[in-house]
Amino acid sequence: MRRHVGKVIAIAVVVIAIIAVTCSRGGGSSIADDYYVTFRSECPLEQRYSQLGPHEVLQLDLPNEDERIGAVRVWYPTELETSDVSWPVVVVVNASASPASTYEPWFARLASWGFVVVGNEDPQAGTGETASLTLDVVMDLPEGCPLEGKLDGGRMGIVGFSQGGAGALAALTQYENGNLYRTVFTGSAAYPFLAENMGWHYDASKVSVPWLMVAGTGASDDAGVEDPTKEFGGVAPLSSLVEDYNAVDSALPRVRARAVGAEHEDMLARSDGYMTAWLLWQLCDDGDAAQAFVGADAEIAHNPGWQDVEKSV
């Protein structure tokens with residue numbers, strides 16, 4: 001068995017490294033400022049929420065002495081600075097070798113929907129520790145910070161892709177401040193056996209907040225192997241989504257789905273529409289966004305771009 005584990009992990013390291021290089025090639029942001037404009041969906045809610053929201057966005061960096069984190073980076077609606085209301089917060093956990101500075105337009109697009117979106121520069125965030133430390137920074141802002149008094153501690157969510165999916169689940173369930181989160185989204189989270197052996201432990205059964213979990217059907221996410229504990233199964237095979245979904249309390253709102261034809265590196269942009277709708281529903285009680293998921297007529301359940309949909313709402 002030990003030989004099998006070593007083989008699985010060696011292959012996984014190579015695949016994840018290739019994906020990381022592909023996603024961050026060229027230095028600076030790896031995606032265009034208007035990367036979302038080329039996305040097309042037959043379904044109106046997915047299309048709507050994949051695009052820019054109604055808010056203009058500003059960005060600031062909060063100083064931090066932890067070298068793993070670097071600056072805590074925040075994108076937020078411009079009107080936050082002059083408004084007298086508090087705003088929902090989304091903490092983002094990075095994929096492998098993908099600090100926030102490599103996908104800045106993604107943060108800005110999400111913030112345009114009315115969220116304060118928080119990231120950091122940690123390229124290896126799978127344990128969830130730096131996400132937890134980043135949340136501490138956000139909850140103890142320096143005097144005079146334009147965000148001071150404007151963040152809604154009762155409306156916080158966490159998001160993670162790939163290694164960051166494992167990190168988001170760990171941050172949610174293994175750290176004391178994880179109880180501040182009200183929802184979680186994971187995109188192609190590293191499957192449990194792979195994550196455990198990479199040092200990114202998480203236990204899906206400990207998730208106690210609404211959860212949207214997605215992955216792609218492409219071979220880099222699902223290699224189609226019979227036993228992913230003996231061969232590399234892709235980063236997030238269907239079996240792992242089923243395992244995680246079934247591990248959670250059956251009364252908990254949750255949705256799992258796979259994007260048709262999407263490879264692992266596609267999922268950051270490919271899941272924008274439903275990730276945004278999920279956060280708007282869960283953190284803002286947005287009834288329009290909820291229609292993507294709720295009931296027999298839920299859009300995601302009838303969207304030809306998604307398959308293997310199961311949901312408890």
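Quick note: the coordinates plus some simple rules give every number you see, no bench work behind them. Owing to the predicted nature of the structure, the values given are computational and were not obtained by experimental measurement. Glycine also receives a Cβ, built like all others from the backbone with ideal geometry; neighbour counts cover every protein chain displayed.
In nm, what is the difference between 0.36 nm times the number of residues separating Ser205 and Glu226 and their Cα-Cα distance? Walk me through the numbers on the way to the answer.
Details: separation 21, 0.36 × 21 = 7.56 nm, distance 2.36 nm.
Net length gain for the segment: 5.2 nm.
Along its principal axes, what span do the Cα atoms of the range 105-231 show, with the longest given first and each in whole Å?
55, 29, 27
Kirkwood Rh over alpha-carbon pairs of the chain, then Stokes-Einstein at 10 °C and 1.306 mPa s: what D in µm² s⁻¹, rounded to an integer?
Answer from the Stokes-Einstein relation: 83 µm²/s.
Can you give the extra length, in nm with one decimal, that the chain gains between Asp288 and Asp308 once fully stretched, where that is 0.36 nm per residue apart less the Cα-Cα distance?
Here the segment from Asp288 to Asp308 would lengthen by 4.9 nm.
Hydropathy at least 1.6 by Kyte-Doolittle, axial extent at least 24 angstrom from the Cα trace: which helices of the chain, defined as entire DSSP H runs, fit?
2-24
Just name one of Ala108, Ala277, Gln59: the one whose Cα is farthest towards the positive end of the charge dipole of the chain (beta-carbon charges, Lys/Arg +1, Asp/Glu -1).
Ala277
Rounded to whole Å and sorted largest first, list the principal axis extents of the Cα atoms in the range 162-207.
Ordered largest first, the range 162-207 gives principal extents of 27, 18, 16 Å.
Along the Cα→Cβ direction, 7 angstrom out, place labels at Glu176 and Asp152. What is the inter-label distance in nm?
Each label point lies 7 Å from its Cα, and together they span 2.7 nm.
For the range 36-102 and the range 148-226, compute the distance between their C-alpha centroids and round to whole Å.
18 Å
What is the gain in length, in nm to one decimal, between Ala251 and Glu42 on full extension, counting 0.36 nm per residue of separation less the C-alpha to C-alpha distance? Could the numbers behind the result be given before it?
Details: separation 209, 0.36 × 209 = 75.24 nm, distance 3.10 nm.
Working it through step by step, the gained length comes to 72.1 nm.
Let me know the charge dipole size of the chain about its Cα centre in debye, to the nearest 20, where only the beta-carbon of Lys, Arg (+1) and Asp, Glu (-1) is charged.
Values: 19 positive and 43 negative charges, 172 e Å.
Result for the chain is approximately 820 debye, rounded to the nearest 20.
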